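The values are calculated or read from the model by the stated rules, or taken from the named source; none is laboratory data. The shown structure was predicted, so the numbers you read here are calculated from the model rather than taken from an experiment. A quick note on method: Cβ atoms are made from the backbone with ideal geometry, for glycine too, and the neighbour counts reach across all protein chains shown. Surface accessibility is based on the protein's heavy atoms, side chains included, excluding ligands, DNA and RNA. Shrake-Rupley method; radii C 1.70, N 1.55, O 1.52, S 1.80 Å.
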Amino acid sequence: MKRVFPPSPEVLRVSEAVLALQGSKERDPRRLAAAVKRLSDFFIAEPEGATPWKEAWAVEAYFSYYLVLNEIRNRAVVLEGRKLGFFDGLDRAVDFGAGPGTADFALAAHAGIQSFSLIDRSEVPGQRLRAAGADPNWRYFSRLEDSLFTSPSSTLFVASYSLTEARIPPQALQCEALMILEPSTQQDGRELLKLRDHLRREGYHLWAPCTHQGACPLLKNSPRDWCHDRVHVDRPEWLVRLENELPFRNQTVTFSYLLARRTPPPPLPEGAARLIGDRLGEKGKDRQMVCRGEEREFLAWMHRQGPAPEWPRGALVQLPEGLKKTSNEIRVDRQLTIL
Ligand SMILES: C[S@@+](CC[C@H](N)C(=O)[O-])C[C@H]1O[C@@H](n2cnc3c(N)ncnc32)[C@H](O)[C@@H]1O
């Protein structure tokens, strides 16, 4: 039931190649952990600071760790979008703040998109590596203005972990579709909810994680909440050893995201709702936040009914008809269908 993701073999190949160029062939856990800790401290101290690509330690940290985890986040979003048909009719991606092209690995492998314009104001080592592969479908630009917006009606605008460093550019809104991932912090997550509102006003339709086109209940009805998802990482041995040297672990990764298109999504089945929270045990019951409209609601499973079934966070489920609602709790008394 859990959504579990191993690192992508293609990403590991690029990661190995860049680390070898940096003189770090063996994935030495102590050396890489020191670099990862340093970049993590940098991001904490300067949440809106530019990724310091010129520093060797930042390159080692990104390619050994952040790229691997961010690709998993992107893959989770791409697979969710694919289930909904979100990528149908799109043939090109413009990845703004692409870095090593993190999002594009997942889009190429799982969304059927084969033509990529990667925009980054900095030179990132993985870019040169890709360019050296001379793939005509992967082109790099340092400014968005230099990439061509030839077919906006079949273009996906992508921003993965880049809107923390830059505002969404106006050209993005020429595109048929948008895929945006941001860190799952309260500040970035709530900024993304505000961007959701802006996109609605600009005529976009939300495909995921939202289940409706109304106001977001987490922005409207709470001063603190933000929407974020979580998937599990199937950690290979080298990643376990690296994380053993770190003061933090990422056995699961969280992220906030939006998939929006000018075209409206097909209607969801009656009773569809998305699980947008972890399951939390309380006295006598388990609760899990759920989204199906403008109200902030929870599913509740009473312990007297027996052990609660596993409800996978992030998934769309179908709530059966006739469930009782008490205050903001929808009382569930049977297994839910995962859509
Ligand atoms: C945190 S990295 C994210 C990289 C990648 N998208 C990922 O998900 O791993 C943010 C990237 O955005 C780039 N960036 C920030 N502002 C930009 C701008 N105005 N134009 C182009 N690239 C920008 C930075 O150089 C950096 O590589």
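What pairs come out if I take residues in the range 278-292 that are polar (S, T, N, Q) and pair them with residues that are outside any strand (DSSP E or B) whose C-beta lies under 8 Å away, six or more apart or interchain?
Once the first residue is polar (S, T, N, Q) and sits in the range 278-292, its partners that are outside any strand (DSSP E or B) give Gln288/Gly277; Gln288/Asp278; Gln288/Arg279; Gln288/Trp311; Gln288/Arg313.
Can Val11 be described as buried (at least 16 other Cβ atoms within 10 Å of the Cβ), part of a helix (DSSP H, G or I) and out of contact with any Pro (no Cβ under 9 Å at 6 or more places or on another chain)?
Criteria not met by Val11.
Just one of the numbered conditions (1) under 22 Å from the mean Cα position of the chain (by Cα); (2) surrounded by fewer than 14 Cβ atoms within 10 Å (Cβ to Cβ); (3) over 19 Å from Arg313 (Cα atoms) is not true of Asn244; which one?
The single condition Asn244 does not satisfy is (1).
Taking the options Ser154, Ser162, name whichever one is modelled with pLDDT of 95 or more and near the ligand (Cβ under 8 Å from one of its atoms).
Ser162
Quick grid of which residues meet (1) open to solvent by 70 Å² or more (accessible area, probe 1.4 Å); (2) in the same structural domain as Ala93 (by TED's automatic domain parsing); (3) under 23 Å from the mean Cα position of the chain (by Cα):
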| residue | (1), (2), (3) |
| --- | --- |
| Arg224 | yes, yes, yes |
| Val233 | no, yes, yes |
| Tyr257 | no, yes, yes |
| Gly284 | no, no, no |
| Leu299 | no, no, no |
| Ala315 | no, no, yes |
| Ile330 | no, no, no |
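Would you mind stating whether Leu69 is among the aliphatic types (A, V, I, L, M), open to solvent by 30 Å² or more (accessible area, probe 1.4 Å) and either within 11 Å of the ligand (Cβ to nearest atom) or over 26 Å from His232 (Cα atoms) (or both)?
No: the conditions fail for Leu69.
Is it fair to say Val124 is buried (at least 20 other Cβ atoms within 10 Å of the Cβ), modelled with pLDDT under 95 and near the ligand (Cβ under 10 Å from one of its atoms)?
yes
For the range 104-121, name all the residues that are surrounded by fewer than 21 Cβ atoms within 10 Å (Cβ to Cβ) and not hydrophobic (A, V, I, L, M, F, W, C).
Residues satisfying the conditions are His110, Gly112, Gln114, Ser115, Arg121.
May I ask you to list the residues in the range 209-222 that are of a type in the set (Gly, Ala, Ser) and either farther than 28 Å from Gly85 by Cα or not assigned by TED's automatic domain parsing to the domain that holds Lys194 (or both)?
Within the range 209-222, just Ser222 meets the criteria.
One residue is enough: does the range 78-101 have a residue meeting the conditions open to solvent by less than 20 Å² (accessible area, probe 1.4 Å) and under 17 Å from Arg241 (Cα atoms)?
Checked against the condition, which is being open to solvent by less than 20 Å² (accessible area, probe 1.4 Å) and under 17 Å from Arg241 (Cα atoms), the range 78-101 yields no hits at all.
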